[in-house]
Amino acid sequence: DTGVSQDPRHKITKRGQNVTFRCDPISEHNRLYWYRQTLGQGPEFLTYFQNEAQLEKSRLLSDRFSAERPKGSFSTLEIQRTEQGDSAMYLCASSLGTGQGRQPQHFGDGTRLSIL
Amino acid sequence: ELKVEQNPLFLSMQEGKNYTIYCNYSTTSDRLYWYRQDPGKSLESLFVLLSNGAVKQEGRLMASLDTKARLSTLHITAAVHDLSATYFCAVDMRMDSNYQLIWGAGTKLIIKP
């Protein structure tokens, strides 16, 4: 078990640029989640995959955000035309779930995004 | 509106003292999690509480759940410096056909030697 890994750890970019983050979940986990966390706050749900299917998207997720999990393994989160308000820590988590079964989510170390 | 509120948000205490962190939530749920986060690090799962009256203990930490009161507590006994971290509670809430974790804002705990 190598844990959930995220890449890059830090990303600094200018406003208006596009960024893409990658998440590699724990290998046997079929569920993958993306969260956003700002300083002094708890994680805020963005989206959720079961295998390759994106089952839930937060209403907070604007059309500038898109996530994929093409083969049901790793996932990417892309933010287009970044804005100052996108500066945050982006967390990925994975879990093993069947039906309504819910196991604890295991988190990666996150990608810290800073918009200049 | 679904809300999870933690109290206090910041706590500074001396080693050896006891204290309790509270987590209130606004709607029915049958599952509550406690996580720990060190600065710049990942969230680590501490406890999963599944039913009313559930109590779990690990070392100096003990968590309990009262689903009728919609309240969970995280009790710290004889605190040591290594327990300094931010502690989050998260409640599993049903959203349409799936469940989502709704998180509290976290309690930043500083334990002074």
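So the values come out like this:
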read-out: Contact order normalised by residue count of the stretch B:20-107, Cα under 8 Å, 6+ apart, percent; value: 32 percent
read-out: Distance cut-off 18 Å, percentage of C-alpha pairs in chain A lying past it; value: 46 percent
read-out: Among A:Glu28, A:Glu83, A:Glu44: highest mean-square fluctuation, GNM of chain A, C-alpha pairs under 10 Å; value: A:Glu28
read-out: Length released on extending from B:Val55 to B:Leu9, taking residue separation times 0.36 nm less the Cα-Cα span; value: 14.3 nm
read-out: Relative contact order of chain A, pairs being alpha-carbon contacts under 8 Å that are 6 or more residues apart, as %; value: 37 percent
read-out: Solvent-accessible ranking of A:Glu78, B:Glu5, B:Glu15, largest area first, probe 1.4 Å; value: B:Glu5, B:Glu15, A:Glu78
read-out: For the stretch A:17-47 and the stretch A:66-116, distance of Cα centres in Å; value: 2 Å
read-out: Dipole of the protein assembly as shown [Lys/Arg +1, Asp/Glu -1 at C-beta], most positive-end residue of B:Cys23, A:Gln105, A:Gly16; value: A:Gly16
read-out: Using alpha carbons only: equivalent-ellipsoid semi-axes of the protein assembly as shown, gyration tensor based, whole Å; value: 30, 21, 16
read-out: Förster radius 22 Å - calculated FRET efficiency between B:Glu44 and A:Glu28, Cβ distance, rounded to 0.05; value: 0.70
read-out: A:His106 - accessible surface, heavy atoms, 1.4 Å probe, Å² rounded to 10; value: 90 Å²
read-out: Accessible area of A:Asp24 in the full protein assembly, 1.4 Å probe (Å², nearest 10); value: 50 Å²
read-out: Note, ³J(HN,Hα) from phi for the stretch A:106-116, Karplus 6.51, -1.76, 1.60, rounded to Hz, x at Gly and Pro; value: 9, 9, x, 6, x, 10, 8, 9, 10, 9, 7
read-out: Choice from B:Ser42, B:Ser64, B:Ser84 with maximal GNM fluctuation in chain B (Cα, 10 Å cutoff); value: B:Ser42
read-out: Solvent-accessible area buried by pairing A with B, both sides, nearest 100 square angstrom, 1.4 angstrom probe; value: 1800 Å²
read-out: Set of lysines near A:Lys11 by C-alpha distance (under 22 Å), chain-local residues within fewer than 8 positions excluded; value: B:Lys41
read-out: Chain B - percent of accessible surface contributed by carbon and sulfur, probe 1.4 Å; value: 48 percent
read-out: Carbon plus sulfur fraction of accessible area for chain A, probe 1.4 Å, in percent; value: 45 percent
read-out: Förster-model FRET efficiency, 30 Å R0, B:Arg94 and A:Asn18, C-beta, rounded to 0.05; value: 0.30
read-out: Heavy-atom accessible area ranking, 1.4 Å probe, most first, across A:Thr111, A:Thr2, B:Thr77, B:Thr20; value: A:Thr2, B:Thr77, B:Thr20, A:Thr111
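The values are calculated or read from the model by the stated rules, or taken from the named source; none is laboratory data. Quick caveat, the model's predicted, so the values are computed rather than measured. When we count neighbours, we look across all protein chains shown, and the Cβ atoms used for this are built from the backbone with ideal geometry, even at glycine. Just the protein is used for accessible areas: all its heavy atoms, side chains included, with ligands, DNA and RNA removed. Shrake-Rupley method; radii C 1.70, N 1.55, O 1.52, S 1.80 Å.
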